[in-house]
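Each remark here refers to the structure printed beneath this line.
Each value in this text was obtained by applying a stated rule to the coordinates, not by laboratory testing. Note that the structure is a prediction, hence the values are computed from the model and not measured. Methodologically, a virtual Cβ is constructed for each residue, glycine included, from the backbone with ideal geometry; neighbour enumeration extends over all protein chains shown.
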Amino acid sequence: MAGLPFLLALHIALLLLLPCSCQVGDSCSSARDCGAGLYCGNCAATGKTRPSCIRDLAIQPTSIVKGLPFNRYSWLVTHNSFSIVGEPSHTGVERVTFYNQEDTVTNQLRNGVRGLMLDMYDFNDDIWLCHSLQGQCYNFTAFQPAIDTLKEVEAFLSENPTEIITIFIEDYVHSTMGLSKLFTAADLTKYWYPISEMPTNGKDWPSVTDMVAKNHRLLVFTSDSSKEASEGIAYQWSYLLENESGDPGITGSCPNRKESQPLNSRSASLFMQNYFPTIPVENEACKENSVGLPQMVQTCYTAAGNRIPNFIAVNYYMRSDGGGVFDVQDRINGVTLCGCNTIAACQAGAPAGACKDTGAPNRTSSSVNGNVYSGTIEFKSPASAASISNANIPSKFVGLLLLGLVLIIKPF
């Protein structure tokens, strides 16, 4: 009997060394219970009372399906990427503003975010990231000098030579050549995608392979139209269609933002779907990203003339009741890039429609770092199949889109 405590201790130690096998939706008590690319959390807003494993890592579509035009892919964007819960004040004054994210920009990029929305202002004789009002940055709404965040972007691009990042600037900078000086100081101009090579009139962008080969791996758009002529920075709505942000973008018919052409216009080949409320509520984000987002993807897809969103912008991107925005992105990329119901079923180099068996019928599985994400999907057919032929997808796979893009993830 004397050896029993030792054997018990050894057994516990061996259990701790075993790889975590819990998948999306499985119950958990700590992060250790969940596999790689998952964390342990709870979405009380959807009525859940017990913590479960939740995704926090994207599958990069270009790691599976390579060489297609940039506008054929769907990318994850963080709204107000810099507005981070717990970020200490850099002005010495307590901050009074809203927050939209929970982790650093570096961590966002490592988790698969490929688009950053940054609000830039003249402040303290510099350019700062600020979540403010009426075009004026204050010491109680300021976050940090913009160059600090841009240096995080530069470090990521340097460490990941095949990745492409897009920055959307809500631009309140009036200092002469302010943005040009800023990006030069951050050593980002070597990655710059030049305006002269940006496609117009809805033409395809170059392939991601060509963009990487030329090191054109940073796309920067500004909300200030004058910067295109004065600083060579692309005016966002000359190259991008966009739905309304805030509350109008999370319910209803998916109207276009007033600066944008109508979503069904073919004047631009990129489409940004905003999906975040006007007032961010941290504890509600898991429900928004799990229930509301898939429904609005379908609505906006129809409003945009059967066009997928190339960018999906959300608050608190890691919050969901299981798969959230990551599963939505997988679904869009799978259907669009290879005719499969998830990007995880696509096979590198295989013809469209040659999908891997990812599990039982009506089930998807996504693999990241060896961990399998699984869930049951219920497809909801749209009311009409009209105009599907205009979609940028081979006709033989049009039927997949008729299933719709609404995902209801259920634990099993």
Query - Average Cα contact separation per residue, segment 59-343, under 8 Å, 6 or more apart, as relative contact order % - result: 20 percent
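When the Kirkwood hydrodynamic radius is evaluated over all pairs of different C-alpha atoms of segment 148-256, what value in angstrom, to one decimal, is obtained? Before the final figure, lay out each step's value.
On the way: mean 1/r = 0.0654 Å⁻¹.
Final number for the Kirkwood radius of segment 148-256 is 15.3 Å.
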Report task. Order the peptides 166-175, 261-270 from the highest to the lowest mean number of other Cβ atoms within 10 Å of their residues. Result -> 166-175, 261-270
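Regarding segment 194-279, what whole-number volume in Å³ per residue does the convex hull of its Cα atoms give?
Values: hull volume 9.7 nm³, N = 86.
Per-residue hull volume (Cα only) is 113 Å³.
Find, to one decimal place in angstroms, the Kirkwood hydrodynamic radius of segment 297-361, where the mean of 1/r is taken over every pair of different Cα atoms and then inverted. Write out the running numbers ahead of the final one.
Working: mean 1/r = 0.0769 Å⁻¹.
Final number for the Kirkwood radius of segment 297-361 is 13.0 Å.
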Query raised in the report: So what J values fall out for segment 170-181 if you push phi through Karplus, 6.51 cos²θ - 1.76 cosθ + 1.60 with θ = phi - 60°, rounded to Hz, Gly and Pro as x?
Result: 7, 9, 10, 8, 10, 5, 4, 6, x, 5, 4, 5
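Filter the cross-link list Lys66/Lys203; Lys151/Lys227; Lys151/Lys203; Lys203/Lys356; Lys48/Lys151 down to pairs whose alpha-carbon distance in this structure exceeds 29 Å.
The pairs that break the limit, which is 29 Å between Cα atoms, are Lys151/Lys203; Lys203/Lys356; Lys48/Lys151.
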Query - Calculated from backbone phi, Karplus (6.51, -1.76, 1.60) coupling profile of segment 264-271 in Hz, x at Gly/Pro - result: 8, 5, 10, 7, 9, 9, 10, 9
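Can you tell me the dipole magnitude for segment 59-343 around its Cα centre, using point charges on the Cβ only (Lys, Arg +1; Asp, Glu -1), in Debye to the nearest 20? Before the final figure, lay out each step's value.
On the way: 19 positive and 32 negative charges, 206 e Å.
Dipole about the Cα centre, nearest 20: 1000 debye.
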Query raised in the report: Whole-Hz Karplus ³J(HN,Hα) for segment 62-75, in order, using 6.51 cos²θ - 1.76 cosθ + 1.60 and θ = phi - 60°, x for Gly and Pro?
Result: 6, 7, 10, 10, 9, x, 8, x, 3, 7, 8, 9, 10, 10
**Report entry** 5 angstrom amide H check on Thr166, placed H, neighbours 5+ away
**Finding:** Gly115, Leu116, Leu219
